[in-house]
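Here's the structure, in C-alpha cells; my notes come after.
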Amino acid sequence: MWLYPQVDILSWLKPARTIPVTRWRAPSRWRAKPPTLGILVLGLYLFGTGDALLVVSGLGVSPWTVLGQGLGDRLGISIGLATFIVSAVVLLLWIPLREVPGLGTIANAIVIAIALQVGVTLLPDPTNVVMQFAFVLVGILMIGFGSGLYLTTRLGPGPRDGWMTGIHLRTGWPVSAVRLCIEIVVLAAGWLLGGTVGIGTVMFAILIGPSVGYGLMLAGAIGRDPNAAEPDAVEQDPDFPELDA
C-alpha cells in the first residue's frame, strides 16, 4: 500500500540527517504531480498551524514569527500578512545571491502565512499553563513533521532557508554560523518591534532540530518505495547542507 509500506520500527529511534528519497519526490523544482503537490501543501499547512499554536500559547514564538508578530503590531496588519511580507522581502534578497526559487518556495510563502492566520484566528486560547506548554510542544512537533513532508517533495527551499544557504554557498561561512547570526538579528528586530519572546522561543530553539530530524525520518518511512533498488537511500541536499552536517 502506498501509505503503509513495511518499515523497520527500530529505525524510527534515529532522526534523519539527510533528505530521504520518497516516491512523491518531484523530478524538478517546477514539475510536480498532484500527489506531490498535495504532500507539499499538507506539510506547509502543518508548519503554519504549528507556528499558530506557538503564537496562541503566549509563551514565545520562533525568531521569524517574532519578527512577523512585531511587524504586524507596528503596521496594524494581521500576523499572516506580515509573515507573507517578510517572506517576499527575503525572496528579494535571493537576487544578489543568484539563488533559484521553486514551486515549493512560492508555496512556502503563501501557504504558511494562510495557515498561520487561520490558526491564530480559530484556535482557542489556553486556559492554564499546562495547556500553554502543550501548545508549544505540539506546535514544534507539527512544524517538524510538516518540514519533513515539504522538504521531501524537493520543490525548492523556503525563502528563509534559501537565503541562509545562499549566503553559505557564496561566502563559504559555516551554515550553522550563518543561521545563528540571521536568527539573532531577526529575533532582536522582532523583539524591538514588539514580538513575543519567552520560554517558548527557547524551547523552539532547542527542540526544532530534533523535531525536523524525526519529521524527515517519518516522512521517509511513509513515502519509501518498496520497489526501489535502494529503499533506504538518502541524498545529500545542497539546499539544506545543515542536515548533512
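The values are calculated or read from the model by the stated rules, or taken from the named source; none is laboratory data. Keep in mind it's a predicted model, so treat the numbers as computed, not measured. Ideal geometry is used to build each Cβ from the backbone, glycine not excepted, and the neighbour counts take in all protein chains shown.
Okay, here's what the table says:
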item	result
Complete set of residues in segment 114-145 that are at pLDDT 95 or above and within 12 Å of the chain's Cα centre (by Cα)	Gly139, Ile140, Leu141, Met142, Ile143, Phe145
Qualifying position, being at pLDDT 95 or above, in a helix (DSSP H, G or I), of a type in the set (Gly, Ala, Ser) and within 25 Å of Leu91 (Cβ to Cβ), among Gly190, Gly215, Gly148, Gly166	Gly190
Some residue of segment 174-197 being in contact (Cβ under 8 Å) with a residue 60 or more places away in the chain and on the phi > 0 side of the Ramachandran plot	yes
From the options Thr196, Thr201, residue that is part of a loop (DSSP other than H, G, I, E, B) and polar (S, T, N, Q)	Thr196
Selected residue [more than 23 Å from Thr36 (Cβ to Cβ) and either crowded, with 20+ Cβ neighbours inside 10 Å or of a type in the set (Asp, Glu) (or both)] from Val136, Val89	Val136
Within segment 32-91, tally of residues that are farther than 19 Å from Gly162 by Cβ and outside any helix (DSSP H, G or I)	8
Every residue from segment 75-85 that is on the phi < 0 side of the Ramachandran plot and without any contact (Cβ under 8 Å) to a residue 24 or more places away in the chain	Leu75, Ile77, Ala82, Ile85
